[in-house]
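Reviewing the structure listed below.
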Ligand SMILES: [Zn+2]
């Protein structure tokens, strides 16, 4: 048995073997992640943004994405980006100043070289080494460099940061899941803080000392209203005013009518059915009364 020309085939040319599972090209994968925008897959160029899941984006693409999500194929993967507040412009260290240090005639593949390096360890940001950014100042470092320094201040801009403000860039799927839950925690915390500040501001405007802040809000608002018409309560300290108002709240409904308002004239008051004359008027019964012969 042979092929044309009398060649003798070997066993591996005749026997069909199980196909090997498809493998990712590692270099292509790294390049896709570290040199291309996660949304548009275009090459990364300044200004580069990162979300809190550690993915890299072109600012241009993020703006386009926010304007029209239907243009992008995997828009649901980036649902955590709702505004420009959810992404941060990264503070990279350019590798250009390292070029003068290159010596010798060794071949350097410039296509695989990264534009950015770690300012501490001098490692290239090509995907070979793990890189992180800080959530306080958005400076980018290699994980190894950051570990070597062992400090809680950024060595580039001297801002303080805590350990949960380190976001790994292009992290593993497990890391991304963790980061996702951390985003929600952070958002909830910010919301509560904002609400607390708003409440404090409202109380400061009313003039109630912080000891009264534990009371319900309505009494403090009543205190503000009451202090205007009566001069005696206005002169009294705010603490007393709020106490007075608590007692007054029960009397209030019958107090606030047009008839006993001192600023209104009697002519104006007589227009209403609550005036003395109107109340004493004889009222015809609706069955016996004939409006034509009144
Ligand atoms: Zn910094």
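What follows draws every value from the coordinates through simple rules; no lab data is involved. Note that the structure is a prediction, hence the values are computed from the model and not measured. Cβ atoms come from the backbone with ideal geometry, glycine included; neighbour counts cover every protein chain shown.
Shown for 4, 261: other C-beta atoms within 10 Å of each C-beta, ranked fewest to most, produce the order 4, 261. Counted by neighbouring Cβ atoms within 10 Å, the residues 80, 289, 88 run from fewest to most as 289, 80, 88.
Pull out the extension gain between residue 258 and residue 189, defined as 0.36 nm times the separation in residues minus the alpha carbon to alpha carbon distance; nm, one decimal. Computed gain between residue 258 and residue 189 is 20.0 nm.
Neighbour counting of Cβ atoms within 10 Å sorts the residues 134, 44, fewest neighbours leading, into 44, 134. Structural descriptor for the range 1-91: relative contact order 22 percent, calculated from alpha carbon pairs under 8 angstrom and at least 6 residues apart.
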